1. Is it the case that the stretch 14-27 has a residue that's of a type outside the set (Lys, Arg), open to solvent by 20 Å² or more (accessible area, probe 1.4 Å) and assigned to a helix (DSSP H, G or I)?
2. Return the residues of the stretch 97-119 that are open to solvent by 30 Å² or more (accessible area, probe 1.4 Å) and within 20 Å of the chain's Cα centre (by Cα); say none if nothing qualifies.
3. Test Glu70 against the stated conditions and say whether it is away from the ligand (no atom under 14 Å from the Cβ) and closer than 16 Å to Val24 by Cβ.
4. Give me the pairs: first residue in the stretch 105-119 and within 19 Å of Ser165 (Cα to Cα), second residue of a type in the set (D, E, K, R) and surrounded by 15 or more Cβ atoms within 10 Å (Cβ to Cβ), beta-carbon distance under 7 Å, and six or more apart or on different chains, which are they?
5. Can you tell me how many residues within the stretch 210-243 are surrounded by fewer than 21 Cβ atoms within 10 Å (Cβ to Cβ) and within 21 Å of the chain's Cα centre (by Cα)?
6. Only residues that are over 19 Å from the mean Cα position of the chain (by Cα) and of a type in the set (A, V, I, L, M): list them for the stretch 277-300, please.
7. Does any residue of the stretch 52-63 turn out to be more than 16 Å from the ligand (Cβ to nearest atom) and open to solvent by 70 Å² or more (accessible area, probe 1.4 Å)?
8. It is to be established whether one or more residues within the stretch 223-240 are outside any loop (DSSP other than H, G, I, E, B), touching a Ser or Thr at 6+ places or on another chain (Cβ under 8 Å) and within 11 Å of the ligand (Cβ to nearest atom).
Amino acid sequence: MSGTQIRKVAVLGAGLMGHGIAQVCAQTAGYEVSLLDVKQELVDRGVAMIKDSLSKFVSKGTIDKPKADEVMRRIRPTTDLETALEGAQLVIEAASENPKLKVDLYHKVSELMSPKSILASNTSSISITLLASATKNPENVVGMHFFNPPQLMPLIEIIRGAKTSDATVDSIKAAAMQMGKETVLCKKDSPGFIVNRVLMPALNEAAFLVSEGVADPEDIDKAITLGLGWPMGPLKLLDYVGIDTALSISDVMMQGFDDNKYRASPNLREMVRAGLLGRKSGKGFYEWPSPSTTKAKASP
Ligand code: 3HC
């Protein structure tokens with residue numbers, strides 16, 4: 001397999017996905033990692049989530065304490081974009097799911113990064129071709145979609161933009177393998193790619209069931225976990241990935257396909273307006289004691 005040899009990765013965004021991606025890069029692939037966010041408190045929160053996750057792996061014996069310390073040493077937190085990009089052969093963007101914000105970021109990153117480096121987006125649904133069009137080297141831009149929690153979920157979707165080169169796709173396949181992940185290739189840059197195209201309508205439908213008063217959240221989740229064997233019910237999963245993220249994905253799919261079947265349930269929009277974003281804000285359909293937990297309790 002040809003392509004770029006990766007030693008250092010810059011992860012842009014230290015949130016629910018970014019912190020986990022940085023951890024996988026440092027822990028499984030053994031890459032040097034810089035972890036960027038726009039504010040120190042956001043970087044600190046990302047680092048705290050990595051420490052929390054590593055302590056879970058240590059407590060169940062998956063890794064030992066010296067290995068966890070080594071992983072932490074490989075991760076350099078920063079709030080400076082130029083510092084983050086320095087020496088990185090692979091840049092993984094895990095910023096908020098907002099097309100305008102991402103396009104602005106791609107302009108800036110493209111000015112600062114090496115023209116030979118790869119710029120991979122962890123976007124859940126936004127067009128890779130659109131993001132690539134904001135850069136000087138669209139052949140080096142690709143979708144690299146991880147799943148939450150990146151530390152545990154074994155899949156990466158690779159998405160080809162209109163100008164993505166074969167060498168870039170090969171490099172991302174090799175990097176994913178180094179991270180211990182399986183890959184699938186999304187040959188066309190289509191809104192929601194493969195997984196979210198299937199998942200989001202189901203999550204959205206569960207939100208409609210709540211807004212129509214058909215059943216309580218706990219019963220909807222119980223029905224789907226016990227009836228369909230999902231590890232988490234759809235409303236818990238909405239909270240887990242972030243109501244704002246899910247709404248953005250639905251909106252991108254709605255606009256991209258111009259089809260009402262992707263119209264977001266109105267309660268999702270209301271929840272975002274009210275700051276009820278799920279796990280990351282402490283409350284959504286459920287109450288969440290911390291952003292790194294999987295345990296939620298019913299909202300009173
Ligand atoms: N790091 C390390 N270990 C972790 C962890 C983390 N971040 N989170 C959980 N764990 C460990 C726990 O310590 C626990 O270990 P143990 O079995 O040794 O006690 C184990 O994972 C299981 O965790 P829990 O018992 O707390 O909870 P669950 O049994 O429910 O498992 C889960 C958690 C693996 C997240 C499981 O619920 C699951 O698979 N949920 C569905 C996740 C999913 O669908 N993800 C995709 C979402 S879509 C997406 O991301 C796309 C995006 O674009 C929106």
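1. Among the residues of the stretch 14-27, at least one is of a type outside the set (Lys, Arg), open to solvent by 20 Å² or more (accessible area, probe 1.4 Å) and assigned to a helix (DSSP H, G or I), which makes the answer yes.
2. Of the stretch 97-119, the ones open to solvent by 30 Å² or more (accessible area, probe 1.4 Å) are 98-101, 103-105, 107-108, 111-112, 114-116.
Passing the criteria: Asn98, Pro99, Lys100, Leu101, Val103, Asp104, Leu105.
3. On the way: away from the ligand (no atom under 14 Å from the Cβ): yes; closer than 16 Å to Val24 by Cβ: yes.
For Glu70, the condition - away from the ligand (no atom under 14 Å from the Cβ) and closer than 16 Å to Val24 by Cβ - is met.
4. From the stretch 105-119, the pairs are Leu119/Glu93.
5. If we filter the stretch 210-243 for residues that are surrounded by fewer than 21 Cβ atoms within 10 Å (Cβ to Cβ), which is where we start, we get 210-216, 218-219, 222-232.
Restricting the remaining residues to those that are within 21 Å of the chain's Cα centre (by Cα) gives 230-232.
Going through the stretch 210-243 one residue at a time, the tally reaches 3.
6. Matches in the stretch 277-300: Ala296, Ala298.
7. Looking only at the stretch 52-63, we keep the residues that are more than 16 Å from the ligand (Cβ to nearest atom), and these are none.
Taking every residue of the stretch 52-63 in turn, none turns out to be more than 16 Å from the ligand (Cβ to nearest atom) and open to solvent by 70 Å² or more (accessible area, probe 1.4 Å).
8. Looking only at the stretch 223-240, we keep the residues that are outside any loop (DSSP other than H, G, I, E, B), and these are 223-228, 234-240.
Then drop every residue that is not touching a Ser or Thr at 6+ places or on another chain (Cβ under 8 Å), which leaves 240.
Subsequent filtering for residues that are within 11 Å of the ligand (Cβ to nearest atom) retains 240.
Looking through the stretch 223-240, at least one residue is outside any loop (DSSP other than H, G, I, E, B), touching a Ser or Thr at 6+ places or on another chain (Cβ under 8 Å) and within 11 Å of the ligand (Cβ to nearest atom).
The values are calculated or read from the model by the stated rules, or taken from the named source; none is laboratory data. What you are looking at is a predicted structure, and each value in this text was computed from that prediction instead of being measured. Backbone-built Cβ (ideal geometry, glycine too); neighbour counts: all protein chains shown. SASA here: full protein model, heavy atoms, side chains in, ligands and nucleic acids out. Shrake-Rupley method; radii C 1.70, N 1.55, O 1.52, S 1.80 Å.
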